[in-house]
Amino acid sequence: MTMSDERNLALEDQWYYEKLAQKCLKALERNYIQGFYAANRDEARVKIAAMIPPDASIGMGDSVTLLQVGIVQELEGRGTHNIANPFRKNGQTYIPPTRREAAEIGKRAMVADYFLTGINAITLDGKLVNTDGLGNRVGPLIFGPRRVIVVTGVNKIVEDVDAAIKRVKNVAAPINARRHHLKHGMEMPPCGITGFCNDCRPPQRGCAYTVIVECQRTPRITVALVGENLGI
């Protein structure tokens, strides 16, 4: 009899992630939102790259998930795309833009052929929930680019919209606030100190615009669901 390592639940986790993802993808399909499952970030990167023609213009939202999957680096490495990326690269570091730069890059992203972004939460009944500070990440999600590719880990799947909003306020926002402070020197909103939403006011508040995609009328959006914990 082969002894198993009870500390390693990789196979069990992968089975569960795939079942969870397939349930979510079926709900998305009912809402006319396309999607596919990738077992890991490498598989996701290959599939996403194959979707994007070499001459396509590309807009991107600020997304840790996109960097973790490696699709940003892959597309930049092609050298054939006009890419509107809100973070410019300095060596291995991505530097956040000024507000004026972000506005200009956001305008370019709105008219790109493809827009790539992460998501704050995705519900089991097939809705996408995204919150943004400037609007340059949520705007192209609902209008503008010909195709949108949403990349997310299974850790972003939640029960419903109420759970999605709670996740945004008390998970994604505090961690992202702290990320921007520690890695980019930006001002720390209260949630980055307390770890929970404080319903703060501008200009500290990063949760300015929340978009809920309940369905789509034309097949613009494709969701890449990855069987890993990714992003924030």
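Test residue 176 against the stated conditions and say whether it is more than 26 Å from residue 40 (Cα to Cα) and of a type in the set (S, T, N, Q).
no
State the number of residues belonging to the stretch 130-143 that are surrounded by fewer than 18 Cβ atoms within 10 Å (Cβ to Cβ) and touching a Phe, Trp or Tyr at 6+ places or on another chain (Cβ under 7 Å).
Number satisfying all stated conditions: 1.
Tally the residues that are in contact (Cβ under 8 Å) with a residue 24 or more places away in the chain, of a type in the set (D, E, K, R) and part of a helix (DSSP H, G or I), restricting the search to the stretch 126-170.
The number of residues fulfilling the criteria is 3.
Identify, by number, the condition in (1) at negative phi; (2) at pLDDT below 95 that residue 160 doesn't meet.
It fails just one condition, (2).
When both residues are 6+ apart or on different chains and their Cβ atoms are under 9 Å apart, which pairs have a first residue that lies in the stretch 206-231 and is farther than 12 Å from residue 44 by Cα, and a second that is of a type in the set (Asp, Glu) and open to solvent by less than 40 Å² (accessible area, probe 1.4 Å)?
Correct list of pairs: 206/132; 207/132; 208/132; 209/132; 210/132; 211/132.
Please go through the stretch 176-200 and pick out each residue that is assigned to a helix (DSSP H, G or I) and either free of Cβ contacts under 8 Å to residues at least 12 places away in the same chain or under 14 Å from the mean Cα position of the chain (by Cα) (or both).
176, 181, 182, 183, 193
Residues checked against (1) within 16 Å of the chain's Cα centre (by Cα); (2) closer than 23 Å to residue 186 by Cα; (3) free of Cβ contacts under 8 Å to residues at least 40 places away in the same chain:
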{"site": "22", "(1), (2), (3)": "no, no, yes"}
{"site": "29", "(1), (2), (3)": "no, no, no"}
{"site": "46", "(1), (2), (3)": "no, no, yes"}
{"site": "52", "(1), (2), (3)": "no, no, no"}
{"site": "70", "(1), (2), (3)": "yes, no, yes"}
{"site": "80", "(1), (2), (3)": "no, no, yes"}
{"site": "104", "(1), (2), (3)": "no, yes, yes"}
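Need the failing condition index for residue 219 against (1) at pLDDT 95 or above; (2) in contact with a strand residue (DSSP E or B) (Cβ under 7 Å, 6 or more places away or on another chain); (3) not small (Gly, Ala, Ser), just the number.
Tallying (1) at pLDDT 95 or above; (2) in contact with a strand residue (DSSP E or B) (Cβ under 7 Å, 6 or more places away or on another chain); (3) not small (Gly, Ala, Ser), residue 219 fails exactly one: (1).
Look at residue 84 and say whether it is among the hydrophobic types (A, V, I, L, M, F, W, C), free of Cβ contacts under 8 Å to residues at least 40 places away in the same chain and out of contact with any helix residue (DSSP H, G or I) (no Cβ under 6 Å at 6 or more places or on another chain).
no
The values are calculated or read from the model by the stated rules, or taken from the named source; none is laboratory data. Bear in mind the structure is a predicted one, so any value in this text is a computation, not a measurement. Quick reminder, even Gly has a Cβ in these numbers, built from the backbone with ideal geometry, and neighbours come from all protein chains shown. SASA here: full protein model, heavy atoms, side chains in, ligands and nucleic acids out. Shrake-Rupley method; radii C 1.70, N 1.55, O 1.52, S 1.80 Å.
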